[in-house]
1. If a residue has to be exposed (fewer than 14 other Cβ atoms within 10 Å of the Cβ) and closer than 21 Å to Met104 by Cα to count, how many in the range 24-57 make the cut?
2. May I ask you to list pairs of residues, at least six apart or on different chains, whose Cβ atoms are under 8 Å apart, with the first in the range 14-38 being at positive phi and the second being among the aromatic types (Phe, Trp, Tyr) and in a loop (DSSP other than H, G, I, E, B)?
3. Taking the range 78-96 on its own, how many of its residues are over 17 Å from Gly108 (Cβ atoms), in a loop (DSSP other than H, G, I, E, B) and either under 11 Å from the mean Cα position of the chain (by Cα) or polar (S, T, N, Q) (or both)?
4. Starting from residues that are assigned to a strand (DSSP E or B) and aliphatic (A, V, I, L, M), keep the ones in the range 37-77 and report whichever is nearest to Glu114 (Cα to Cα).
5. Just checking, how many residues over the range 106-132 are within 23 Å of Asn52 (Cβ to Cβ), in contact (Cβ under 8 Å) with a residue 40 or more places away in the chain, in a strand (DSSP E or B) and of a type outside the set (Val, Ile, Thr)?
6. Has the range 138-151 got any residue that is in contact (Cβ under 8 Å) with a residue 24 or more places away in the chain, in contact with a Lys or Arg (Cβ under 9 Å, 6 or more places away or on another chain) and hydrophobic (A, V, I, L, M, F, W, C)?
7. Could you tell me whether Gln101 is closer than 30 Å to Ile23 by Cβ, over 15 Å from the mean Cα position of the chain (by Cα) and surrounded by fewer than 12 Cβ atoms within 10 Å (Cβ to Cβ)?
8. Taking Asp60 as meeting all but one of (1) of a type in the set (Asp, Glu); (2) loosely packed, with under 13 Cβ neighbours inside 10 Å; (3) at pLDDT 95 or above, write down the number of the exception.
Amino acid sequence: MLAGDELYLFDLKNKEDEATWGIVPTTGKTPGKRYGHTLCFSKPHIVLFGGNIGSQPANDTWILNLEKTTFSWLKIELNEESIPSPRLYHACGLCTKGNAQGMMIIFGGRDNSENALNDTWGLRRHRDGRWDWISAPSYKTDVPKPRYNVKYL
């Protein structure tokens, strides 16, 4: 969980009754304070996307490599023409099967005007270490309704 400029870890190694919160020490620049963002674990990285950075939604992507002994956030610089629009309250998950295996997938959310979105994007890491976003193909007969911050009862 990211709160303020700090990354928190909920440690369950000593059973649920003895679980504790702790701060993960990081160095350097951080993604900063935000809310409505998503975090996804894509081994060996924690990937952060979007959220509100105070007065507006963002569409920046940050990674934290967990294989390095000194944890430091790295902002991924991507081509502005091929990234999702700024958003918050979107859904996120890691694809574990098929052609998109290993991709972080985001769907929906809302923009700065509180308009619900219904686009789907995948973040992929290439073998040479490059990262890029790819817009998922849409099929006009099977497009999900725009949504954000959905609560199911």
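The values are calculated or read from the model by the stated rules, or taken from the named source; none is laboratory data. Every value quoted in this text rests on a predicted model; they were computed, and no experiment measured them. Neighbour counts are summed over all protein chains in view; Cβ atoms, including those assigned to glycine, are modelled from backbone coordinates with ideal geometry.
1. Residues meeting the conditions: 4.
2. Close Cβ pairs satisfying both conditions: Gly36/Tyr89.
3. 2
4. Within the range 37-77, the match that is nearest to Glu114 (Cα to Cα) is Ala58.
5. Here the count works out to 3.
6. no
7. So Gln101 does not fit the description; no.
8. For Asp60, the exception is condition (2).
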